[in-house]
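**Q** Quick one: structure below, then a few questions.
Read-outs throughout are calculated quantities, based only on the coordinates presented, and are distinct from any laboratory measurement. What you see is a predicted model; the values in this text were computed from it and never measured. Cβ sites come from the backbone with ideal geometry, for glycine too, and all protein chains shown count toward neighbours.
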Amino acid sequence: MWVYLNGSYIKAEDAKISPLDRSATFGDGIYEVIPSYDQKLFLFEEHFERLKSSLYKTFISSPQELEDLENILKLLHKKNLHKNQSFYIQVSRGVQAVRSHAADKDLQSSLFITSQELEPNPYKSQPNLKGLTTRLEEDIRWQRCDIKTTALIGNILSSHNPTLNPVDEVIFHKDGLINEGSKSNLFMVKEGIVFTPPLSNKILPGVTRQYLLDKLLSEGIDVLEQDIDIQELYSADEVWLTSSTKEVQPIHSIDDFILPSKDPKESIWHRALDFF
Ligand code: PMP
């Protein structure tokens, strides 16, 4: 596998990042994930905008090569051969010779990119496949979930708790309201209307979320960006999750609660799959 590190295309096994890189010592970095289908980047501009916004919000300087990101990804795509890929792009504040909370003034941010095969969404070919299993968890993450930071222990912690049953996705809630999944945004359908929590510091502004909102609206489907009460999930007709690598996937269960089973052909999540 080929990766890109600070200006060079190299084999993954030859890539070296200092243990004093601030993304390792402090989680002091941001990242982006961009999918490609048939060698074409999907929603590149939208992802690029969010990447720049994450840099702006964290005061991390933009590495100069970032302006050439689209071409770098295209070249990496050719080197890594898979037809569909997902690119991981990470910018760290830089490598600091002596570990210190305060970053050196002249620190150079660093750029690391890797790509892997993008697995097809199984619900496309098998819409009747059982939906995802999920669990509700109190949201213990920080107050800036709108930033796509590499500091993700708050997102993954409960998945590593050996006393809990493994699930496909954890859904975070706070003060009785649903925020998002640990790696996805959440949508709910009730009586033909699609609901999703509004943008705020509590959720990542998902590129897939926005893409779907626009597409659903253009198809004449009613969409509301509105707070979702935990109780409302239990009376929903459909609940689904969205992300750049999973597209749209339906939820089967939330803890012990099984959502109503509906013919995919009559479900809005299934219609939404056509947008990918
Ligand atoms: N929320 C979180 C916490 C995520 O990690 C992701 C996946 N990056 C998403 C939402 C979905 O974002 P996107 O559609 O841009 O992949």
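**Q** For the pair D14 and Q39, what calculated FRET efficiency results from E = 1/(1 + (r/R0)^6), where r is the Cβ-Cβ distance and R0 = 25 Å, to the nearest 0.05? Provide the component values of the computation, followed by the final result.
**A** On the way: r = 25 Å, r/R0 = 1.00.
Calculated value: 0.50.
**Q** I've got another one for you. What number, in nm² with one decimal, is the all-direction average of the projected area of the convex hull of the alpha-carbon atoms of the stretch 2-119?
**A** On the way: hull surface 28.9 nm².
Projected area, direction-averaged: 7.2 nm².
**Q** Further, regarding this structure: Mind listing the long-range amide H neighbours of Q108? Cut-off is under 5 Å, sequence gap 5 or more, other chains count too, H placed in the peptide plane at 1.01 Å from N.
**A** For Q108, the qualifying residues are V95.
**Q** Quick one: 3J(HN,Hα) in Hz for the stretch 10-20, Karplus 6.51/-1.76/1.60 with θ = phi - 60°, rounded, Gly and Pro as x.
**A** Once θ is set to phi - 60°, the couplings for the stretch 10-20 become 9, 5, 3, 5, 9, 6, 10, 10, 5, x, 8 Hz.
**Q** For a 21 Å ceiling on Cα separation, which of these pairs sit above it: K148/K174; K83/K265; K79/K246; K11/K57; K148/K202?
**A** Pairs exceeding 21 Å: K83/K265; K79/K246; K11/K57.
**Q** Quote the relative contact order of the stretch 124-274 in percent (integer), defining contacts as alpha-carbon pairs under 8 Å separated by 6+ residues.
**A** In percent, rounded to a whole number, it is 27.
**Q** Around V223, which amide H atoms from residues at least 5 apart in sequence, or from another chain, sit under 5 Å from its own amide H, with H modelled in the peptide plane?
**A** The answer is V194.
**Q** Can you work out ³J(HN,Hα) from phi for every residue in the stretch 173-181, in order, using Karplus 6.51 cos²θ - 1.76 cosθ + 1.60 and θ = phi - 60°, giving whole Hz and x for Gly and Pro?
**A** Per residue, the Karplus-derived 3J(HN,Hα) values read 10, 8, 6, x, 10, 7, 9, 6, x Hz.
**Q** Also: Can you run phi through the Karplus equation (6.51, -1.76, 1.60; θ = phi - 60°) for the stretch 94-111 and list ³J(HN,Hα) in whole Hz, with x for Gly and Pro?
**A** After applying 6.51 cos²θ - 1.76 cosθ + 1.60, I find x, 9, 10, 4, 10, 4, 7, 4, 6, 7, 4, 5, 9, 4, 9, 5, 10, 10 Hz.
**Q** Could you give the length gained on full extension between M1 and V98, defined as 0.36 nm per residue of separation minus the Cα-Cα distance, in nm?
**A** That works out to 31.7 nm of additional length.
**Q** Order 221-231, 247-257 from most to least packed using the mean count of other Cβ atoms within 10 Å.
**A** Output ranking for 221-231, 247-257: 247-257, 221-231.
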